[in-house]
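Before any comments, here is the structure.
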């Protein structure tokens, strides 16, 4: 196998919404022969932990920047900046964002001003990926066709041709000799939403991707680039099938809190907001009342600062939420800046000092770890929770609250449920976004051996760059190099 630092090309194939276990089963039963032959058998196949929220967009940031969504302050597909958000407006609402709409065009503008994978390679190609910082516009091969193709496929449910475009663009980029090619395949995610995670159309999509991988590798062999090309195939998040939709905005309104939620982003006199991601998690925000806003004697704009978990408990909001069937847990930030995780049967508390995590709970442990932890490094916290129902839960819950766009509360759904019941077309039959293993664990296939047992997707940014001799300051990112 090619030794490290001697690769000359990098091909990154991201299969949107591919759960680790399903991908593993497809490799085992022979459904993905090309991926097995050309990638896994020559290198490795690992289980990696995505990030919270496990949703397209935020879950791309670890791959391309080595940052958690909380660190990047892009905590979801939809969010509110309470500091900036004032009054809803039908066409322009500063401080409120939904990347499922026109705001998707400004995704990169909301990211920190740090380099991405694109900045380290030239020439590059980008196919469908919305994180385009560092990619010249002329190298974004689906820049013009993506809005039209995605819109048509969304309403017609014909995603097969969208994947076919991805394959054609990928093969052209490989033939053209681009040093870095990033190709996103949306079909597994979109077909899973429409049906379920192993439906016929989903499995056909996997087979089509596998065929293209075979074509890619044969092109590389013909150009004598195969041995010098790093190939990585992975996913941004997993999925789980859905049978019940929970209407969080309606619960908030029943509690007397007029709720702003997608697509009703211009509702006046709103006192709360629910910003859902992948439908498996949502940020909930509360507007401070006039007395609180004027307590400092200063003119207040926006909705004020984040409310503490104690303050929200005093509003009588949390207990009714915990009574909702299918809502897994409610998390928030305490007055002392620790993170509290609550279920009806117990409460957990995460604290962090100098990047050392501690965890304690009372009642039944809401995360199911069943033990107290003291002074764990981020890597130790990953190892101890890797094979649980909430992999990397301590770090993921901590990181999401490090951005000021994160909600006052973060809600996560149980498998089988999601947190959006209205205005979802088409109706979703599979869900992601939550902190549950089915949605957090993703496959990682690389044509290099990796011995490290515990891997986060955020580790892949520095790891890939290290194979090309590019070193980044690890103190400035959340990932580590894995071998």
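Every read-out reported here was derived from the displayed coordinates using simple, explicitly stated rules and does not represent laboratory data. Predicted model only: the values in this text are computed from it and were never measured. With ideal geometry, Cβ positions are generated from the backbone for all residues, glycine too; neighbour counts draw on all protein chains shown.
Length gained on full extension, residue 83 to residue 354, computed as 0.36 nm times the residue gap minus the Cα-Cα distance: 94.9 nm.
For the listed peptides 122-134, 247-259, 62-74, a ranking on the average number of other beta carbons within 10 Å per residue, highest first, reads 62-74, 122-134, 247-259. Modelled spin-label separation between residue 315 and residue 471, with each label point placed 7 Å from Cα along the Cα-to-Cβ direction: 4.9 nm.
Is region 245-431 rounded, prolate or oblate when judged by the Cα gyration tensor, a ≥ b ≥ c being the square roots of its eigenvalues, rounded requiring a/c under 1.5 and prolate requiring a/b larger than b/c? Intermediate results must be reported in sequence, preceding the final value.
Numbers: a/c = 1.95, a/b = 1.26, b/c = 1.54.
Oblate, because a/c is 1.5 or more while a/b does not exceed b/c.
Put simply, when 305-315, 14-24 are sorted by average Cβ atoms within 10 angstrom per residue, most first, you get 14-24, 305-315. Working from label points 7 Å from Cα in the Cα-to-Cβ sense, the residue 144 to residue 344 distance is 5.6 nm. Residue ranges 445-452, 50-57 sort as 50-57, 445-452 when ordered by packing (mean number of other C-beta atoms within 10 Å per residue, highest first). By the beta-carbon count within 10 Å of each Cβ, the least crowded to most crowded order of 412, 475, fewest first, is 475, 412.
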